[in-house]
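The values are calculated or read from the model by the stated rules, or taken from the named source; none is laboratory data. All values reported here derive from a predicted model rather than from experimental measurement. Heads up, the Cβs are rebuilt from the backbone with ideal geometry, glycines too, and the neighbour counts pull from every protein chain shown.
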Amino acid sequence: MNKHEPMTISNIPYVSEAFFEREKDVWKNSWLMVGREQDIKDNGQFVTIDIKVLGVSIAVLRDGNGELGAFYNICPHRNGRLFCDRMGKKAAIVCRFHGWTFGLDGKLRGVPEQHIFEDLDKNELGLQAVSVDTWGGFIFVNLDPQPAHSMREYMQGVTPGLDAYLTDPRWNWHTGYQHLFNANWKDLMNIQHEGYHATHVHKTTLGLTFGPDECRNTLFENSPGLCSLLTVLNPLGAEELLPNMTPIQNLSMKYGTTANWVEQNTSRPATEVENAVNLGGSDRWIFD
Ligand code: FES
């Protein structure tokens, strides 16, 4: 790009229906996070996810041996929905339409009045499996039954550091929430990959704490899944910054989840997470 060309981007990928149709393929062979392992730690526990862009629902459950399996959430007989809740526990999977019963391993176990079906082979009518994998306590599914890349390969670039972070017992999952809202998902993804906006959009809260020069992007050009890592550093150091902050900025730093470097907010200085999320080991690290 010429240095003097405006750095604008086309809106076609954001609004074009034709582009969107082609883009749906992305969801068919990507690893998609569905929940936490601790959500389904007992045999028979399940979690479901509706992938609305493809019009499919997936159920992930722990079978009688404690192994995770993932299946399309429909009955192979007449496509009845099998799991209606987001989470729960079952001893067996019974379709409410005609009562076909499946084991926790997805195999068809029982067909009421089976004699009315000629040549029915239960071995060929189990639930349709998709790929499932875990990483760092999170559960992921991939609709491709034989994905080209494992979950770990998909996240290459950040896995060594985040492995250390997510397996460190000092860092526990504390709170989670979900909220659905009407938005273009690419806008949300884009802002996670640049910190240029921060001093303007967040000027009344975090705007003082870092500028564009302190937001470093690492690109993973050959990664099959993860395109970049944004690292945000504190430009001034807490001691110089705190006296200049407004009450609102002070509160946002005190209670904000990303301001790890602020002394009053944490007993863990940034350098303690060196080799984990703070890959560069900077004492000015705020977040990745
Ligand atoms: S649709 Fe499930 S048993 Fe018929």
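In the stretch 115-124, how many are within 13 Å of the ligand (Cβ to nearest atom) and not aromatic (Phe, Trp, Tyr)?
Total satisfying the criteria: 3.
Ser30: within 19 Å of Gln128 (Cα to Cα), in contact (Cβ under 8 Å) with a residue 40 or more places away in the chain, surrounded by 15 or more Cβ atoms within 10 Å (Cβ to Cβ) and among the polar types (S, T, N, Q), yes or no?
yes
Answer yes if at least one residue in the stretch 222-233 is modelled with pLDDT under 80, more than 25 Å from Tyr154 (Cβ to Cβ) and surrounded by 15 or more Cβ atoms within 10 Å (Cβ to Cβ), and no otherwise.
The answer is yes, given that some residue of the stretch 222-233 is modelled with pLDDT under 80, more than 25 Å from Tyr154 (Cβ to Cβ) and surrounded by 15 or more Cβ atoms within 10 Å (Cβ to Cβ).
Test each condition in (1) more than 9 Å from the ligand (Cβ to nearest atom); (2) farther than 27 Å from Asp42 by Cβ for Pro112 and report the one that comes out false.
Failed condition: (1).
If you check Val47 against the conditions, is it under 17 Å from Pro145 (Cβ atoms), away from the ligand (no atom under 16 Å from the Cβ), among the hydrophobic types (A, V, I, L, M, F, W, C) and touching a strand residue (DSSP E or B) at 6+ places or on another chain (Cβ under 6 Å)?
So Val47 fails the test.
Give the number of residues within the stretch 92-109 that are within 12 Å of the ligand (Cβ to nearest atom), part of a loop (DSSP other than H, G, I, E, B) and either surrounded by 15 or more Cβ atoms within 10 Å (Cβ to Cβ) or hydrophobic (A, V, I, L, M, F, W, C) (or both).
3
Taking the stretch 57-68, which residues are away from the ligand (no atom under 16 Å from the Cβ) and surrounded by 15 or more Cβ atoms within 10 Å (Cβ to Cβ)?
Result: Ile58, Val60, Leu61, Arg62, Asp63, Leu68.
Out of (1) touching a His at 6+ places or on another chain (Cβ under 8 Å); (2) at pLDDT below 95, the odd one out for Phe97 is which?
(2)
Taking Asp144 as the residue in question, decide whether it is within 21 Å of Val56 (Cβ to Cβ), touching a helix residue (DSSP H, G or I) at 6+ places or on another chain (Cβ under 8 Å), away from the ligand (no atom under 13 Å from the Cβ) and assigned to a loop (DSSP other than H, G, I, E, B).
The answer is yes for Asp144.
State yes or no: is Tyr154 of a type in the set (Phe, Trp, Tyr), under 19 Å from Pro224 (Cα atoms) and surrounded by 14 or more Cβ atoms within 10 Å (Cβ to Cβ)?
yes
Identify the residue in the stretch 69-89 that is charged (D, E, K, R) and within 16 Å of the ligand (Cβ to nearest atom) and, among all such residues, is surrounded by the most Cβ atoms within 10 Å (Cβ to Cβ).
Arg81
Has the stretch 175-189 got at least one residue that is among the small types (Gly, Ala, Ser), surrounded by 12 or more Cβ atoms within 10 Å (Cβ to Cβ) and modelled with pLDDT of 75 or more?
no
In a loop (DSSP other than H, G, I, E, B), closer than 15 Å to Phe46 by Cα, more than 16 Å from the ligand (Cβ to nearest atom) and under 31 Å from the mean Cα position of the chain (by Cα), is that true of Leu127?
no
Between a first residue in the stretch 82-104 that is under 9 Å from Phe46 (Cβ atoms) and a second residue that is within 16 Å of the ligand (Cβ to nearest atom), which pairs have beta carbons less than 6 Å apart while being 6 or more apart in sequence or on different chains?
Taking only residues 6 or more apart or on different chains, the pairs are Phe83/Ala59; Phe83/Asn73; Ile93/Leu82; Ile93/Phe102.
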